[in-house]
1. Once fully extended, how much extra length lies between ARG82 and MET219, figured as 0.36 nm per residue of separation less the alpha-carbon to alpha-carbon distance?
2. Whose amide H sits under 5 Å from the amide H of ARG247, counting only residues 5 or more places off or on another chain, with H placed in the peptide plane?
3. Using the reciprocal of the averaged 1/r over all distinct C-alpha pairs, how large is the Kirkwood radius of the chain in Å?
4. Between exposed chymotrypsin sites (Phe, Trp or Tyr not before Pro) in the chain, where DSSP calls loop and at most 12 other Cβ atoms lie within 10 Å, what's the longest gap?
5. The chain: longest stretch without exposed GluC sites (Glu not before Pro) (DSSP loop, at most 16 other Cβ within 10 Å), sites themselves excluded?
6. What are the ³J(HN,Hα) values, in whole Hz, obtained from phi via the Karplus relation 6.51 cos²θ - 1.76 cosθ + 1.60 with θ = phi - 60°, for each residue of region 13-23 in sequence order, with x given for Gly and Pro?
7. Rounded to the nearest 10 degrees, what's the angle between the helix 190-210 long axis and the longest principal axis of the chain, both from Cα atoms, 0 to 90?
8. Once phi is turned into θ = phi - 60°, what whole-Hz ³J(HN,Hα) does the Karplus curve with 6.51, -1.76 and 1.60 give for every residue of region 332-344, x standing for Gly and Pro?
Amino acid sequence: MVSRTDRSAFAEWLWTIDRYMLVGVFTLMVSGLVLSLAASPPVAERIGLESFYFVKKQAIFLVPSAALMLGVSALSPRYVRRVALLVFCGMLVLLLGTLFFGTDIKGARRWVSLFGVSIQPSEFIKPALVVIVAFLLSEGRKAQDVPGQLISIILFGIVAAMLIAQPDFGQTMLLTIVLFALFFLNGLSWLAIVPLGVMGILGVAAGFTYLPHVRGRIMRFLDPASGDTYQIDKAIDSFIAGGWLGRGVGEGTVKRILPDSHTDFIFAVAAEEYGIIVCVVLVTVFAFVVLRGLYMAMQDQDPFGRLASSGLIVMFGLQSCINMAVNLNLMPSKGMTLPLISSGVSSLMAISLTMGFVLALTRKRPQPRKNPIITVTRAAPLQHA
């Protein structure tokens, strides 16, 4: 047991970290491994891999992902900014590289091979960009001569252009909404609203006009009779078939049919095998992590820490909602993973980095006292006649 009088680095971390949020995140990590065990074997067999290939891969990378999150959570806000800047610069180069050397999967170049491991740079650049934008906006409020909003919009425009070129409209829209949230929390200026709004509208219009698969997804959502809705139909069927208590472990059928049952549609697999009750529990854990994160962020007196942690947790919660909504046919398919649950090394590592940033920025730190009740003043010298 670590005493409060212990002044070691570990003791300081242990007593300042938000343990409630940490437990919630670890619960999601373990749940992801369990659901990967249920959903991924049929997918591996279909593409000629060993049955538990994805399960083993998820388990192997779960340890370094947890270590990454814990290591980052021990950083000070200053070092969070430095790490975010390094990640942003490195991933920006890799993001550019995907356009020329990336692996083409389903008509999109989103992955690049590095040391034998496929990496999706867009997953890592998201949290880094959020931290950098939060820093720029907070500095812009402190000093009027710092064009924080303008630089933020330029950086976002560069990243968004590369994402659209892949193409990856799902991640682009996610980042756009998160940036709106950051600008709103910082005190939205019309000078910032107009460029962001125009970029968002132009992005959606360009995707609908020039990219057949984007147009097809939107049209199938608005009018199911206009195209193939097989995957969504099967996902909905899994919720009906599972009922409240589920069919039982290993008894599901949707995982044998859907090509992305271990990633985009893992929530549907959970519903069929474990039941709607387990899905409600998962949603509750996600909601707890998000609400706890926002609560802790609002307690921070530092504008940078408050903005950055709020933006990161909004991104985490929004991505979770999008994945679940797609599984329930409440919005067009986005190809977005369920954080810490879906299989995928890049997604797992990037979300671990994100939550590491959040845990680091929401650690309890001594705040400067304001308006002290008792003030000590020096007595005036006695005047002698």
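Every number in this text was worked out from the coordinates using simple rules, so none of it is lab data. All figures in this text were calculated on a predicted structure; none of them were measured in a lab. Note that we place each Cβ from the backbone using ideal geometry, even for glycine, and neighbour counts take in every protein chain shown.
1. 45.0 nm
2. When sequence neighbours closer than 5 places are left aside, the close amide H contacts are GLU273, TYR274, GLY275.
3. For the chain, inverting the mean 1/r across all distinct Cα pairs yields 22.4 Å.
4. 245-385
5. Within the chain, the longest run free of exposed GluC sites (Glu not before Pro) spans 51-250.
6. Once rounded to whole Hz, the list reads 4, 4, 8, 10, 6, 7, 5, 5, 5, 4, 5.
7. Between the helix axis and the principal axis of the chain, the angle is about 10 degrees.
8. x, 4, 10, x, 10, 7, 8, x, 6, 10, 5, 5, x
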